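The values are calculated or read from the model by the stated rules, or taken from the named source; none is laboratory data. A quick note: this is a predicted structure, and the numbers were derived from the prediction, not measured. As a convention, Cβ positions derive from the backbone with ideal geometry for all residues, glycine included, and neighbour counts pool all protein chains shown.
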Amino acid sequence: MSHETATEHFYSHGVENYGTFHDNYLNFGLWENNITDFVLAAEHLLSRVGTKIGLGTTSELLDVACGMGTQDRYFLKTFGPKRIEAIDLTKKHIELAQSRNPSKRITYRVGNAVSLPFADETFTHVTAIEGEVHFNTREKFFREAFRVLKPGGKIGLSDFCLARLPKNAFERAFVKLCAKIWHIPLANIDSPDSYRAKLMRNGYINVDVERVGPNVIPGYYYEQARPEVRRELARIRGFYAGRIGFFIDWFMFQLYKRGLLEYILVSGQKP
């Protein structure tokens with residue numbers, strides 16, 4: 001089974017059962033400014049990314065790994081771009097996005113982040129919210145995003161990386177196990193510095209990598225750990241897949257508590 005197929009299967013479990021749960025947002029949220037509600041945290045994260053790259057009414061946006069499409073509805077409502085092309089590897093996500101978020105200014109399609117189905121210099125902005133950690137590889141996506149950006153265009157990302165290098169064999173094994181169960185290619189295990197370096201060597205300028213892990217990871221984990229949320233996710237994904245999902249969240253939180261996991265907001269520009 002290819003990496004892409006395994007990743008799609010991982011994210012397809014129970015998509016048809018989501019209903020309006022969490023308004024179909026899948027991101028971890030940015031839990032600052034006393035935010036305690038998941039949807040508000042998810043939208044605050046999107047607001048920070050959009051603001052960071054100057055999304056506005058003249059923007060032509062490519063949103064990669066769009067999930068079930070709610071984030072594109074938010075980008076349209078909040079920033080008013082001229083058009084949005086939104087792609088995701090998971091077919092069930094796109095089917096749901098098309099049915100629940102109809103707009104003539106948003107086009108949803110199945111697509112692979114490392115082989116974008118668009119001509120050179122098509123977009124003023126590219127966003128990706130958390131999907132990059134799964135791309136095979138993240139750096140190939142950086143090259144493709146650079147290709148489809150117009151000169152002066154900007155990329156805005158939220159993503160996971162290592163907060164620091166593992167100190168010993170146990171931590172190295174812990175990181176590799178997390179990567180395996182969460183379908184992360186080993187080539188994507190970056191620190192903030194190596195993340196920045198990959199963007200810069202692929203042509204981006206004005207690269208900014210902002211560490212926000214303490215305002216993201218604990219808030220998301222405690223939300224997912226609430227009994228009512230765990231019951232709802234078990235209903236959506238099925239008993240076993242729901243428990244596996246929570247185990248992955250727990251594993252991720254252990255990495256964070258050990259000082260190994262970071263969450264970053266990133267921006268860069270094509271000259």
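Remarks
- Members of region 114-147 that are β-branched (Val, Ile, Thr) and surrounded by fewer than 20 Cβ atoms within 10 Å (Cβ to Cβ): VAL114, THR122, VAL133, THR137
- Members of region 104-127 found to be within 21 Å of LYS91 (Cβ to Cβ), among the aliphatic types (A, V, I, L, M) and outside any strand (DSSP E or B), listed by number: ALA113, VAL114, LEU116
- Just one of the listed residues (ALA86, ALA97) is surrounded by 20 or more Cβ atoms within 10 Å (Cβ to Cβ), among the small types (Gly, Ala, Ser) and either part of a helix (DSSP H, G or I) or touching a Pro at 6+ places or on another chain (Cβ under 7 Å) (or both), and it is ALA97.
- Any hit, region 73-82, residues being in contact with a Phe, Trp or Tyr (Cβ under 9 Å, 6 or more places away or on another chain) and under 15 Å from THR124 (Cα atoms): yes
- The helices (runs of 4 or more DSSP H) falling completely within region 209-257 that include 3 or more residues that are without any contact (Cβ under 8 Å) to a residue 24 or more places away in the chain map to 227-237, 239-257.
- Cβ pairs under 6 Å, 6+ apart, first in region 259-271 and among the hydroxyl-bearing types (Ser, Thr, Tyr), second outside any strand (DSSP E or B): TYR263/VAL212; TYR263/GLY213; TYR263/VAL216; TYR263/ILE217; SER267/LYS52; SER267/ILE53
- Residue in region 163-172 that is within 17 Å of the chain's Cα centre (by Cα) and surrounded by fewer than 17 Cβ atoms within 10 Å (Cβ to Cβ) present: no
- Scanning region 37-64 for residues that are touching a residue at least 12 places away in the same chain (Cβ under 8 Å), in a loop (DSSP other than H, G, I, E, B) and either farther than 21 Å from ASP208 by Cα or of a type in the set (Lys, Arg) (or both) gives THR57, THR58.
- Residue, surrounded by the most Cβ atoms within 10 Å (Cβ to Cβ), within region 179-208, restricted to residues that are assigned to a helix (DSSP H, G or I), over 16 Å from the mean Cα position of the chain (by Cα) and among the aliphatic types (A, V, I, L, M): LEU199
- For region 100-113, a residue qualifies if it is surrounded by 13 or more Cβ atoms within 10 Å (Cβ to Cβ) and either in contact (Cβ under 8 Å) with a residue 60 or more places away in the chain or under 27 Å from THR51 (Cβ atoms) (or both), and the qualifying residues are ARG100, ASN101, SER103, ILE106, THR107, TYR108, ARG109, GLY111, ASN112, ALA113.
- Region 148-161, subset among the aliphatic types (A, V, I, L, M) and either at pLDDT below 95 or touching a helix residue (DSSP H, G or I) at 6+ places or on another chain (Cβ under 9 Å) (or both), residue surrounded by the most Cβ atoms within 10 Å (Cβ to Cβ): LEU157
- So SER12, is it modelled with pLDDT under 95, surrounded by fewer than 24 Cβ atoms within 10 Å (Cβ to Cβ), small (Gly, Ala, Ser) and in contact with a helix residue (DSSP H, G or I) (Cβ under 8 Å, 6 or more places away or on another chain): yes
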